[in-house]
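Presented below is the structure to which this report refers.
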Amino acid sequence: MAYSEKVVEHYENPRNVGSFDKGDESVGTGMVGAPACGDVMKLQIKVNPVTGIIEDARFKTYGCGSAIASSSLVTEWVKGKTLDEAAALKNSQIAEELALPPVKIHCSILAEDAIKAAVDDYKKKHTH
Amino acid sequence: MRELERQGFEVTYLDVQEDGLLDFDVLTAAIRPDTILISVMFVNNEIGVIQDIAGIGAMCREKGIFFHVDAAQATGKVEIDLKTLPVDLMSLASHKTYGPKGIGALYVRRKPRVRLEAQMHGGGHERGMRSGTLPTHQCVGMGEAFRLARLEMSQDNAKARALHDRLINGLKDVEQVFLNGHATQRVAQNLNMSFNFVEGESLIMGIKGLAVSSGSACTSASLEPSYVLRALGRSDELAHSSLRMTIGRWTTEEEIDYAIATIRQNVAKLRDLSPLWEMFQDGVDIASIQWTAH
């Protein structure tokens with residue numbers, strides 16, 4: 001498997017690795033994928049309750065280099081975005097930025113799902 | 001086998017035990033009055049376990065069933081004496097024993113005689129079994145490679161065993177590491193381990209100086225976990241987390257030490273990245289979670 005330079009760069013120096021406290025009111029958590037498929041992504045966002053802007057993000061990913069790179073990239077992209085802007089990120093943008101081959105497109109889909117799940121989780125926490 | 005099925009034969013595929021070895025009783029129970037052939041791999045290509053060919057062969061003789069053995073991974077690693085081994089047909093490959101690629105051989109016993117149907121038709125060379133001009137240079141290369149393998153086998157094996165033990169000792173105290181396949185009934189040249197909660201492809205990407213594989217070369221592009229490890233009853237995570245390491249004739253102690261260091265370092269790095277490892281550390285049972293398959 002030949003990886004693009006950008007995938008290798010994210011794999012070697014993953015951004016924003018780690019975890020926030022799931023129970024924190026300002027944190028939204030998305031966990032997608034399944035061990036059986038060889039990919040699990042956990043993506044967390046920290047939202048400013050006043051402005052509704054994502055101020056910070058963390059990820060942990062079990063999966064191939066492209067899955068790690070996709071989630072690492074997404075944590076960079078969502079920072080400074082509103083929840084709706086973050087949820088509007090498309091997997092095709094991720095795949096394009098990382099030059100993912102067709103067989104790895106599912107990694108970018110998973111990263112899109114992860115950010116959507118994190119946004120949903122945050123919104124659920126604040127609807128009641 | 002699939003081709004025989006296409007022609008209308010019925011084939012029974014047997015699972016192996018957790019250690020990768022064939023259960024003799026399961027094999028015996030699967031034999032039918034109309035069974036004509038049993039085919040077994042001498043040494044498994046992914047996990048290196050050695051099947052009891054002499055035992056299975058003796059049983060086949062007793063029942064009058066032809067016995068085919070795929071010995072591609074066995075030559076130069078285990079003793080094969082076809083004068084005493086009750087095997088009727090044996091497949092051999094040159095390139096697995098340091099010979100040239102592109103040639104192999106099929107041993108066919110004369111007594112009891114096995115009647116075969118040719119796969120290649122034409123001029124009727126090789127008693128009609130393989131039409132076409134033989135590639136002399138490849139035949140000679142394979143013969144010479146096998147001659148050397150026979151001469152050097154005991155020395156090769158002793159050296160590989162020492163390196164195998166060195167590698168296993170250097171890795172076995174890593175937390176949540178599992179040896180795939182029987183611990184002793186295996187060739188020394190293969191070591192297959194699962195590093196739980198680390199995905200195999202990402203590990204291979206990290207250990208750049210090492211030429212290893214996750215699963216077999218035949219399927220590593222398919223994103224499917226190794227079917228061999230699934231057959232051992234390994235969980236999906238463990239099957240996705242496997243590394244097949246092989247030791248060759250020219251592998252050195254320094255290379256083994258380098259492998260140990262780089263694997264340990266990358267497993268630790270990837271576990272820091274792994275949500276499954278985090279859950280394991282927090283005492284969460286991963287099997288209890290409802291995952292959304294994709």
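The values are calculated or read from the model by the stated rules, or taken from the named source; none is laboratory data. Quick caveat: nothing in here was measured; it's all calculated off a predicted structure. Note that each Cβ is placed from the backbone with ideal geometry, even for glycine, and that neighbours are counted across all protein chains shown. For the accessible areas, the whole protein counts, side chains as well, though only heavy atoms, and no ligand, DNA or RNA atoms are used. Shrake-Rupley method; radii C 1.70, N 1.55, O 1.52, S 1.80 Å.
Does A:P14 satisfy being open to solvent by 10 Å² or more (accessible area, probe 1.4 Å), at the interface with chain B (Cβ under 7 Å from one of its Cβ atoms) and in a loop (DSSP other than H, G, I, E, B)? Answer is yes for this residue. If you check every pair at least six apart or on different chains, which have Cβ atoms under 8 Å apart with a residue in region A:39-58 that is among the hydroxyl-bearing types (S, T, Y) first and a residue that is open to solvent by less than 10 Å² (accessible area, probe 1.4 Å) and modelled with pLDDT under 95 second? Nothing qualifies. Could you figure out which of (1) open to solvent by less than 70 Å² (accessible area, probe 1.4 Å); (2) in a helix (DSSP H, G or I); (3) of a type outside the set (S, T, Y) isn't true of B:V140? For B:V140, the exception is condition (1). Taken over region B:242-294, the residue count meeting the criterion of being assigned to a helix (DSSP H, G or I), away from every other protein chain (no Cβ under 12 Å) and among the hydrophobic types (A, V, I, L, M, F, W, C) is 7.
Hey, does region B:109-120 have a residue that's open to solvent by less than 20 Å² (accessible area, probe 1.4 Å), within 21 Å of B:K77 (Cβ to Cβ) and not aromatic (F, W, Y)? No, there is no match, as no residue in region B:109-120 is open to solvent by less than 20 Å² (accessible area, probe 1.4 Å), within 21 Å of B:K77 (Cβ to Cβ) and not aromatic (F, W, Y).
Just one residue in the set A:E25, A:E76, A:E96 is without any contact (Cβ under 8 Å) to a residue 60 or more places away in the chain and open to solvent by 50 Å² or more (accessible area, probe 1.4 Å); that residue is A:E96.
Selection over region B:52-79 of residues that are in a loop (DSSP other than H, G, I, E, B) and open to solvent by 50 Å² or more (accessible area, probe 1.4 Å) gives a count of 3. Every condition in (1) under 27 Å from B:V212 (Cβ atoms); (2) β-branched (V, I, T); (3) open to solvent by 10 Å² or more (accessible area, probe 1.4 Å) is met by A:V50 except one, and the failing one is (1). Pairs meeting the criteria (first residue in region B:186-211 and within 9 Å of chain A (Cβ to nearest Cβ) and part of a loop (DSSP other than H, G, I, E, B), second residue aliphatic (A, V, I, L, M) and open to solvent by less than 20 Å² (accessible area, probe 1.4 Å), beta carbons under 7 Å, at least 6 apart or on different chains) are B:F197/B:L276; B:V198/B:V267; B:V198/B:L270.
Only one entry of A:G23, A:G52, A:G38 meets the criterion of being within 12 Å of another protein chain (Cβ to nearest Cβ) and at pLDDT below 95, and that entry is A:G38. Can you find a residue that is closer than 30 Å to B:V198 by Cβ, out of contact with any Gly (no Cβ under 6 Å at 6 or more places or on another chain) and surrounded by 13 or more Cβ atoms within 10 Å (Cβ to Cβ) anywhere in region B:146-159? Scanning region B:146-159, I find at least one residue that is closer than 30 Å to B:V198 by Cβ, out of contact with any Gly (no Cβ under 6 Å at 6 or more places or on another chain) and surrounded by 13 or more Cβ atoms within 10 Å (Cβ to Cβ), so the answer is yes.
In this structure, A:A114 does not satisfy being more than 10 Å from the chain's Cα centre (by Cα), open to solvent by less than 30 Å² (accessible area, probe 1.4 Å) and within 22 Å of A:V7 (Cα to Cα). Taking region B:171-182, which residues are free of Cβ contacts under 8 Å to residues at least 40 places away in the same chain and assigned to a loop (DSSP other than H, G, I, E, B)? Within region B:171-182, B:K172, B:D173, B:E175 meet the criteria.
Identification of helices (runs of 4 or more DSSP H) wholly contained in region A:30-106 with 3 or more residues that are of a type outside the set (V, I, T) and closer than 16 Å to A:V8 by Cα yields A:65-78, A:91-98.
All of B:P100, B:P86 fail the test of being open to solvent by 30 Å² or more (accessible area, probe 1.4 Å) and part of a loop (DSSP other than H, G, I, E, B), apart from B:P100.
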